[in-house]
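In what follows, a single structure is set out as structure tokens and then discussed.
The values are calculated or read from the model by the stated rules, or taken from the named source; none is laboratory data. Computed from a predicted model, the values in this text were never measured in an experiment. Note that each Cβ is placed from the backbone with ideal geometry, even for glycine, and that neighbours are counted across all protein chains shown.
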Amino acid sequence: MAKINISISSEILDEIDKLSKKENKTRSELLRTAFKTYVEVLAEKKKERQKQEGIERAIRIQDETRSQIGKVDLIKELRKWREERK
């Protein structure tokens with residue numbers, strides 16, 4: 001496993017030490033877990049953002065379609081379609 005050196009404030013290091021003791025993990029284990037969790041959260045946020053963009057795109061398409069076809073009475077059209085099928 002690769003080793004790195006990082007610079008962090010003494011306050012953050014104190015928190016890491018407290019938490020690592022509480023969780024019975026080494027600093028390295030704690031920081032690896034924290035980083036993996038951070039990456040997962042970022043990935044989830046990206047998926048949510050893409051989902052929201054897809055919804056917004058679908059709404060825009062729907063609005064454009066409505067404006068192109070004009071005002072339509074969908075209930076009337078459905079009844080007409082059902083009558084034609086009889």
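Laid out as a table, the results:
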item: Search result, residues across the stretch 29-42 that are surrounded by 12 or more Cβ atoms within 10 Å (Cβ to Cβ) and not aliphatic (A, V, I, L, M); result: Glu29, Arg32, Thr33
item: Condition check for Lys36: of a type in the set (D, E, K, R), under 30 Å from Ile6 (Cα atoms), at pLDDT 90 or above and under 20 Å from the mean Cα position of the chain (by Cα); result: yes
item: Among the residues listed as Ala58, Ala43, the single one being part of a helix (DSSP H, G or I) and under 27 Å from Met1 (Cα atoms); result: Ala43
item: Enumeration of residues in the stretch 1-33 that are hydrophobic (A, V, I, L, M, F, W, C) and either under 29 Å from the mean Cα position of the chain (by Cα) or not in a helix (DSSP H, G or I) (or both); result: Met1, Ala2, Ile4, Ile6, Ile8, Ile12, Ile16, Leu19, Leu30, Leu31
item: Test: residue in the stretch 67-75 that is modelled with pLDDT under 95 and either of a type in the set (Ser, Thr, Tyr) or at positive phi (or both); result: yes
